[in-house]
Amino acid sequence: MSIAIIKYNAGNIRSVDYALRRLGVEPVVTADAAALRRAERVVFPGVGEAATTMDFLRASGLDQLIKSLTQPVLGICLGMQLMCRHSEEGDAEGLGIFDADVVRFRAACREGKVPHMGWNTLTRTAGPLFDGFRGGEYVYFVHSYYVPLHACTAAVTDYILPFSAALHKDNFYATQFHPEKSGGVGERILRNFLTL
């Protein structure tokens, strides 16, 4: 199976690459349009700042390319946020794959520190990315911005308030958490993605 990881100015690309290699696949890290279109699966990872990253994607033409992909695509963390319509982070217009806005956590108490960093549980999981899940599985988060509950929400986590831990629409899947850093649970999610 051919797997491509989108290469752009964002962090965590290497950790995603290592996680996929542990599953026995050899992804290619590329920004080449033809290679991304040929791949059977595409991963859109990301750790970074929304406005700067969207500027880079527009300048390179990757914004239009990502939206046009027809194979399964998995956005991770910032990748998920950029697949949405708009982000409060830098007042950035996103790709608009998901008709949702990304907003900043507002801490309501000492227990609700921002950023949300560490392990938290998934509930209300739905769709093929979460085949075999019963709810309550722990995954790893690092983020200050979130997507509110939405028609495309595929998993929920509660931190300060319930938010979308994952989204799904057509061939586009996305997780706010980092499956590549989420141990056996994250490995199962990546396996499910590979076998869609």
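This table checks each residue for (1) among the β-branched types (Val, Ile, Thr); (2) within 23 Å of GLU180 (Cβ to Cβ); (3) touching a Phe, Trp or Tyr at 6+ places or on another chain (Cβ under 8 Å).
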{"position": "GLU40", "(1), (2), (3)": "no, yes, no"}
{"position": "GLU49", "(1), (2), (3)": "no, yes, no"}
{"position": "LEU78", "(1), (2), (3)": "no, yes, no"}
{"position": "GLU93", "(1), (2), (3)": "no, no, no"}
{"position": "GLY96", "(1), (2), (3)": "no, no, no"}
{"position": "VAL114", "(1), (2), (3)": "yes, yes, yes"}
{"position": "THR123", "(1), (2), (3)": "yes, yes, no"}
{"position": "GLY132", "(1), (2), (3)": "no, yes, no"}
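Just give me the residues in the range 183-195 being in contact (Cβ under 8 Å) with a residue 12 or more places away in the chain, under 23 Å from LEU69 (Cβ atoms) and open to solvent by 60 Å² or more (accessible area, probe 1.4 Å), in sequence order.
ARG191
List pairs: first residue in the range 141-160 and in contact (Cβ under 8 Å) with a residue 60 or more places away in the chain, second residue in a strand (DSSP E or B) and of a type in the set (S, T, N, Q) anywhere in the structure, Cβ distance under 6 angstrom, at least six positions apart or on different chains.
VAL147/SER164
Considering each residue of the range 144-155, count those that are open to solvent by less than 40 Å² (accessible area, probe 1.4 Å) and either of a type outside the set (Phe, Trp, Tyr) or closer than 28 Å to ARG37 by Cβ (or both), and give that number.
Total meeting the criteria: 6.
All but one of (1) among the β-branched types (Val, Ile, Thr); (2) within 16 Å of ARG124 (Cα to Cα); (3) modelled with pLDDT under 95 hold for ILE160, so report the exception by its number.
(2)
What number of residues within the range 1-25 satisfy the criterion of being open to solvent by less than 50 Å² (accessible area, probe 1.4 Å) and either in contact with a Cys (Cβ under 6 Å, 6 or more places away or on another chain) or assigned to a helix (DSSP H, G or I) (or both)?
6
Would the range 101-111 turn up any residue that is within 16 Å of PRO45 (Cα to Cα) and either among the small types (Gly, Ala, Ser) or touching a Cys at 6+ places or on another chain (Cβ under 8 Å) (or both)?
no
Residue check, LEU36 against (1) among the aliphatic types (A, V, I, L, M); (2) part of a helix (DSSP H, G or I); (3) within 20 Å of SER182 (Cα to Cα), all met but one. Which one?
For LEU36, the exception is condition (3).
Which ones in the range 26-63 are of a type in the set (S, T, N, Q), farther than 27 Å from ASN192 by Cα and surrounded by fewer than 21 Cβ atoms within 10 Å (Cβ to Cβ)? Break it down stepwise before answering.
So in the range 26-63, the residues of a type in the set (S, T, N, Q) come out as 30, 52-53, 60.
Adding the requirement that they be farther than 27 Å from ASN192 by Cα leaves 52-53, 60.
THR52, SER60 - these are the residues of the range 26-63 that are of a type in the set (S, T, N, Q), farther than 27 Å from ASN192 by Cα and surrounded by fewer than 21 Cβ atoms within 10 Å (Cβ to Cβ).
In the list GLU180, GLU89, GLU137, GLU93, which residue meets the criterion of being open to solvent by 60 Å² or more (accessible area, probe 1.4 Å) and either modelled with pLDDT of 95 or more or of a type outside the set (Gly, Ala, Ser) (or both)? Break it down into steps so the answer makes sense when it comes.
Numbers: GLU180 fails: open to solvent by 60 Å² or more (accessible area, probe 1.4 Å); GLU89 fails: open to solvent by 60 Å² or more (accessible area, probe 1.4 Å); GLU137 fails: open to solvent by 60 Å² or more (accessible area, probe 1.4 Å).
After applying the criteria, what remains is GLU93.
Do you know which of the residues in the range 156-177 that are out of contact with any His (no Cβ under 8 Å at 6 or more places or on another chain), of a type in the set (A, V, I, L, M, F, W, C) and within 18 Å of PRO45 (Cβ to Cβ) is surrounded by the fewest Cβ atoms within 10 Å (Cβ to Cβ)? Spell out the reasoning first.
From the range 156-177, those out of contact with any His (no Cβ under 8 Å at 6 or more places or on another chain) are 156-158, 161-163, 165-166, 168-173, 175, 177; that's our starting set.
This time we only want the ones that are of a type in the set (A, V, I, L, M, F, W, C), so: 156, 161, 163, 165-166, 172, 177.
The next check asks that each one be within 18 Å of PRO45 (Cβ to Cβ); those that pass are 165-166, 172, 177.
On the way: ALA165: 27, ALA166: 29, PHE172: 22, PHE177: 27.
Here the answer is PHE172.
The values are calculated or read from the model by the stated rules, or taken from the named source; none is laboratory data. Since this is a predicted model, take the numbers as computed values, not measurements. Here the Cβ is made from the backbone with ideal geometry for all residues, glycine too, and neighbour counts use every protein chain on show. Surface areas here come from the heavy atoms of the whole protein model, side chains and all, with no ligands, DNA or RNA. Shrake-Rupley method; radii C 1.70, N 1.55, O 1.52, S 1.80 Å.
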